[in-house]
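The values are calculated or read from the model by the stated rules, or taken from the named source; none is laboratory data. No experiment lies behind these values; they were computed from the predicted model shown. Every residue, glycine as well, gets a Cβ built from its backbone with ideal geometry; the counts of neighbours run over all protein chains shown.
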Amino acid sequence: MTIDTILKTLKSAGYVVGFDDHDILIDLPDGGIVNLDDGLRADVLQQKQEILFFLRSKKYNQLRAQAESLGAYLDDTSILPAERGKRLAEYEDIVEQIAALEPVIQHYEESGLSRWYGQGWLLLHSDLLNEIIVIVRDPSIKLPAGCSNYPVYQLKEVTALDGKTDEVIKAAHSAKKVFSGQVKGGKK
C-alpha cells in the first residue's frame, strides 16, 4: 500500500495522524481507542520511516510558508506597530517549530533519504560491484531518463541478497545484467 493510500485510509476511518520526535501518532478526535486492522497496522509499521518523512516534510513546508507570510505581515510598515506586535508571538512559535524540524530535514537531504522516501529510488555506487546501481522501492517507481543506463534493483531484490557472500552477489548481478532478470529470495 502506498503512503498516500495509507494516510487516506486512516483519514477516511476518522483517524488524526501526526508525529512526535520518534513516532507516528494515530488518534481519534474524541480520544477513543485506536483499533487498526492487522493489514493496515502492518502497512503503517512497514512504512513508518517513509510516513514520518512525508508528515515531517509536509509540516516543515507548511511552517515555512506560514513564516514567510507572517514575516511579510510583520514587515509591513503600513500596519501599525501595535497591530503587528500582536502576531509576534505567533511568528516566534512558528520559527521555533521550524528550528526543531530543520535538523531532521537536513539529515534527509544530506543522506539521500529524501530521494528514497520522497521519490522511491536511490542512485548509488556499489564498492563491491564497482558500478553505479539504482535501487527502487517498488517496480511502479518512474525513474528519470538518466538512470536508464544503470542496473535497477527493487528493494525486495536487495533484501534477497542481504547476508549472501560477495561471490553470490557478484554472480547474481552479472546474471541480472545479462538476462535483465530479477533476483529472487533463495536458501541461505
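Here are the numbers for this structure:
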| read-out | value |
| --- | --- |
| Flag if LEU113 is among the aliphatic types (A, V, I, L, M), under 30 Å from SER174 (Cα atoms) and in contact (Cβ under 8 Å) with a residue 60 or more places away in the chain | yes |
| Residue that is of a type in the set (Gly, Ala, Ser) and under 30 Å from LYS156 (Cβ atoms), where the choices are SER69, SER114 | SER114 |
| Failed criterion for GLN46 (all others in (1) among the polar types (S, T, N, Q); (2) farther than 22 Å from SER111 by Cβ; (3) modelled with pLDDT under 90 hold) | (2) |
| Residue check, ASP20 free of Cβ contacts under 8 Å to residues at least 24 places away in the same chain, of a type outside the set (A, V, I, L, M) and within 28 Å of GLU109 (Cα to Cα) | yes |
| Of all residues making up the range 90-115, the number that are closer than 14 Å to ARG56 by Cβ and aromatic (Phe, Trp, Tyr) | 1 |
| Residues being touching a residue at least 12 places away in the same chain (Cβ under 8 Å), β-branched (Val, Ile, Thr) and exposed (fewer than 14 other Cβ atoms within 10 Å of the Cβ) - total across the range 23-33 | 0 |
| One residue from SER57, SER78 being in contact (Cβ under 8 Å) with a residue 12 or more places away in the chain and hydroxyl-bearing (Ser, Thr, Tyr) | SER57 |
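Condition check ((1) closer than 23 Å to MET1 by Cβ; (2) under 23 Å from the mean Cα position of the chain (by Cα); (3) of a type in the set (Ser, Thr, Tyr)) across all residues:
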site: LEU25; (1), (2), (3): yes, yes, no
site: GLN46; (1), (2), (3): yes, yes, no
site: GLU50; (1), (2), (3): yes, yes, no
site: TYR73; (1), (2), (3): no, no, yes
site: ALA82; (1), (2), (3): no, no, no
site: VAL104; (1), (2), (3): no, yes, no
